[in-house]
1. What distance in nm separates the simple spin-label points at Lys26 and Lys138, each placed 7 Å from Cα in the Cβ direction?
2. With axes computed from alpha carbons, what is the tilt in degrees of helix 54-66 against the longest principal axis of the chain, rounded to the nearest 10 within 0 to 90?
3. Please arrange Arg33, Arg83 by counting, for each residue, the other beta carbons lying within 10 Å of its beta carbon, fewest first.
4. Round to a whole angstrom and tell me the spacing of the C-alpha centers of segment 104-138 and segment 1-52.
5. So for the pair Leu17, Met107, with labels modelled 7 Å out along Cα→Cβ, what separation do we get in nm?
6. Taking the Cβ-Cβ separation of Thr40 and Asn89 as r and a Förster radius of 35 Å, what is the calculated FRET efficiency to the nearest 0.05?
7. Enter the per residue convex hull volume of segment 2-68, computed from alpha-carbon coordinates, in Å³ rounded to the nearest integer.
8. Return P(r) of segment 75-141 (all Cα-Cα pairs; 5 Å bins starting at 0; whole %; ordered from short to long distances).
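Throughout, read-outs are computed from the coordinates displayed, never taken from laboratory work. Just so it is clear, the model here is predicted, and its values are computed rather than measured. Cβ coordinates were reconstructed from backbone atoms using ideal geometry, including for glycine residues, and neighbour counts include every protein chain displayed.
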Amino acid sequence: MYKYIQDEIRNNSRLLLSDLTVPQKKAVTETIRGLFVKGTPILRHLAQNENISFKKQGDKYSYHLGNIELKKKVEQSALNKVRNHMRNNTVIAYDLTDINKEAARKMDKISRVFDGSKRKTTNGYTLHGVGINGILLKLEVHEGEEYTQN
């Protein structure tokens with residue numbers, strides 16, 4: 001079972017690792033492994049080397065991941081997976097949703113969103129999602145105060 005998981009991770013991360021430098025490849029592979037081992041997206045918690053401080057390793061991951069165009073590569077991978085499933089009767093779904101962050105004050109791209117369960121506006125994020133045949137193709141955070149029409 002573990003060998004199957006390792007092979008699946010390696011095959012799916014090949015597209016991400018193809019054009020990277022050796023330190024970037026190492027940072028991406030350690031981050032992916034740490035995500036599966038620890039189950040948390042906090043970079044300091046993903047550190048694997050006991051001899052180096054967690055803060056230093058987290059800063060290294062942040063630096064290398066910040067210099068990689070991951071978004072383009074992930075979107076291209078999703079398009080390649082969806083391309084094989086496209087037919088004339090394919091369902092393409094667009095979802096506009098929000099995440100409430102009531103206590104947030106100074107976060108990037110935060111705006112006023114409508115909380116349907118409490119029937120009031122609150123701080124949060126607006127998300128745009130596109131799915132094709134049950135495969136999530138794209139999920140983006142809407143720019144905070146940019147106006148768009150329905």
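1. Placing both labels 7 Å beyond Cα along the Cβ direction yields 3.6 nm.
2. The helix 54-66 is inclined about 60 degrees to the chain.
3. Placing the least packed residue first, the sequence is Arg83, Arg33.
4. Between the Cα centre of segment 104-138 and that of segment 1-52, the gap is 29 Å.
5. The modelled label-to-label distance comes out at 3.3 nm.
6. Taking R0 as 35 Å, the efficiency between Thr40 and Asn89 is 0.30.
7. 90 Å³
8. Reading the bins upward from 0: 4, 16, 21, 16, 12, 11, 10, 8, 2, 0.
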